[in-house]
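One structure is given below, encoded as structure tokens.
The values are calculated or read from the model by the stated rules, or taken from the named source; none is laboratory data. Note that the structure is a prediction, hence the values are computed from the model and not measured. Backbone-built Cβ (ideal geometry, glycine too); neighbour counts: all protein chains shown.
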Amino acid sequence: MEIHQGHIIEKVIRRNGHSITDVARMAEVNRRSVYNWFNQRHLKQDVIIKIGRLIKHDFSLEFPDLFTTSDFISQPKKSANLTISDLNKDVYGVNHWKDKYIDLLERYNSLIVEKAISINELKPYILVNLVAMFYFA
């Protein structure tokens, strides 16, 4: 019987107490990609190595014919070799600016409600802001 690499990786991740969200964040992919990895019988070796380094697990134990222990030793990042993509990364995290924008929209809506005289004056403002809030949520 052939081994299912995705299922083995999923078991290791869950057994070691890692959340799927955290693994996705560390790998800089969305959660759906992580679940897709779990469903694949064969994964690219670089994906397995990346996951192993992120969760600090040596997958040479599960796949001795594919890897050695040295494959899972983390490589230190070289800070002197910054790329444009490194400089463009959001230093506050993915959700920081989205959360700030939603907070600002909520405060703006509260201000409009306080200042409004009748419901007819509110309709255009609420509609625009509700659309914006659902778009960024």
Those residues that are touching a helix residue (DSSP H, G or I) at 6+ places or on another chain (Cβ under 8 Å), under 28 Å from His96 (Cα atoms) and not basic (Lys, Arg), I need them from segment 17-46; list them, please. His18, Ile20, Thr21, Val23, Ala24, Met26, Ala27, Asn30, Ser33, Val34, Tyr35, Trp37
Which count do you get for residues in segment 1-12 that are touching a residue at least 12 places away in the same chain (Cβ under 8 Å) and either assigned to a helix (DSSP H, G or I) or surrounded by 14 or more Cβ atoms within 10 Å (Cβ to Cβ) (or both)? 8
Specify which of the listed residues (Arg41, Arg15, Arg32, Arg25) is within 24 Å of Asn95 (Cα to Cα) and loosely packed, with under 12 Cβ neighbours inside 10 Å. Arg32
When Asp46 is evaluated against the numbered criteria (1) at pLDDT 85 or above; (2) surrounded by 10 or more Cβ atoms within 10 Å (Cβ to Cβ); (3) at negative phi, which criterion, by number, is the only one it fails? (2)
Selection count, segment 50-69, where residues are farther than 21 Å from Gly17 by Cβ and assigned to a helix (DSSP H, G or I): 1
